[in-house]
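Report on the structure given below.
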Amino acid sequence: MVNQRRLIAHVDMDAFFASVEQRDRPDLRGRPVIVGGDGARGVVAAASYEARRYGVRSAMPAARARRLCPHAVFVRARHAHYREVSEAIFEVFAAHAERVEGLSLDEAYLDLGPFDPAILPAAIGRRLKQAVFDATGLTASVGLAGTKLIAKLASDYDKPDGLTWVPDETVQRFLDPLPIRRLPGIGPSTAGRLHDAGIFTVGQLRQGPESLLSQALGRQAGTFRQRAAGIDPRPVDDRRVRRSISQESTFSEDLHELAAIEEVIRTQAAACARRLRERSLYARTVHLKLRSGGFSTLTRSQSLDGYTRNAETVAEAACALARAWAGYQSRIGVRLIGTGVSGLEGQPDPGQIL
Ligand SMILES: [Mg+2]
């Protein structure tokens, strides 16, 4: 039997956190909304399209975002709420796809089954977008193609509320003019080396001389040349669970001192960092969970400016979350502490490693 081609979608919600806030609060609609960015050292977790027009981007320091768009409305991130909305979205994905590979709360690859020439992929995509909208009131951008690589690039092609289908015959025409930075795995420093070699577009990368490519890309030259030709054999992998690493400790009596809490966090951060190194991973986001003796549980997270597996960096971020929390408490009493990391990545671009 011949290897049957499959239709793959990449679905990415549009400005997810910001769109949830605009959905829930009509007064925010049509206005520049920035989620996150609490405090002097805060970073932007998400920006609405109205804010992006001013150059505001996620992971940008909040102070910079404020300078770029002084009239933006800053909204505190409600991660537990976004997780609930995400669950509804993934239920829709599960109903439409044979396999779902979640990449984050608002992004996934969907294996839509064997390619059926009798059904227009665009019609499948429209149904999927409509189902997501019906379930959540939010728009998604969908890319459809025969590979994950092209599906992902396609979902970004016409954002927001986009639907882009790239048939095999047009893959090369779609890829060639794109800047090399758009290929997954090519970060700023790799792009810099390629630019120095006179390679700016995916088409130039595909046709570039072997010697030049191996000089700029090293052992990965072959893979990138394949990707530049639109070749990507990776299947949609639903075994990949939403990954995170965390450590929790419960105490028989409440801890009342911030210093004691921070000490526990440092030990847990060191354990998380050790497990990241053991699994050859880096993390982008640090989480802190605190439960009081009264059993109310608080979870907070902080995205970093890059990827880390450094115990001190994880501890600093988690301790900062604890200090911010403590600042609002009249009396500290903590029964459970959990420190964790997510946004795990095996090979972040070297320029993004903290
Ligand atoms: Mg998104």
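Table for the structure above
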{"quantity": "Residues of the range 55-80 classified as out of contact with any strand residue (DSSP E or B) (no Cβ under 7 Å at 6 or more places or on another chain) and among the small types (Gly, Ala, Ser), total", "calculated": "2"}
{"quantity": "Residue ID - farthest from Gln226 (Cα to Cα), chosen from residues in the range 135-152 that are more than 16 Å from the ligand (Cβ to nearest atom) and part of a strand (DSSP E or B)", "calculated": "Leu144"}
{"quantity": "Residue that is nearest to the ligand (Cβ to nearest atom), among those in the range 153-174 that are assigned to a helix (DSSP H, G or I) and crowded, with 22+ Cβ neighbours inside 10 Å", "calculated": "Ser155"}
{"quantity": "Some residue of the range 293-306 being under 19 Å from Cys272 (Cβ atoms) and in contact with an Asp or Glu (Cβ under 7 Å, 6 or more places away or on another chain)", "calculated": "no"}
{"quantity": "Leading residue by the ranking (nearest to Ser303 (Cα to Cα)) among those in the range 16-49 that are away from the ligand (no atom under 16 Å from the Cβ) and not in a loop (DSSP other than H, G, I, E, B)", "calculated": "Val43"}
{"quantity": "Sole residue being over 21 Å from the mean Cα position of the chain (by Cα) and more than 27 Å from Gly102 (Cβ to Cβ), chosen from Gly208, Gly146", "calculated": "Gly208"}
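Here is a yes/no grid of residues against (1) within 16 Å of the ligand (Cβ to nearest atom); (2) modelled with pLDDT of 95 or more; (3) part of a helix (DSSP H, G or I); (4) of a type in the set (Phe, Trp, Tyr):
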position	(1), (2), (3), (4)
Arg83	yes, no, yes, no
Glu91	no, no, yes, no
Gly102	yes, no, no, no
Asp116	no, no, no, no
Ile124	no, yes, yes, no
Phe133	yes, yes, yes, yes
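The values are calculated or read from the model by the stated rules, or taken from the named source; none is laboratory data. Predicted, not measured: the structure shown is a model, and the values here were computed from it. Counting neighbours? That spans all protein chains shown, and the Cβs are built from the backbone with ideal geometry, glycine included.
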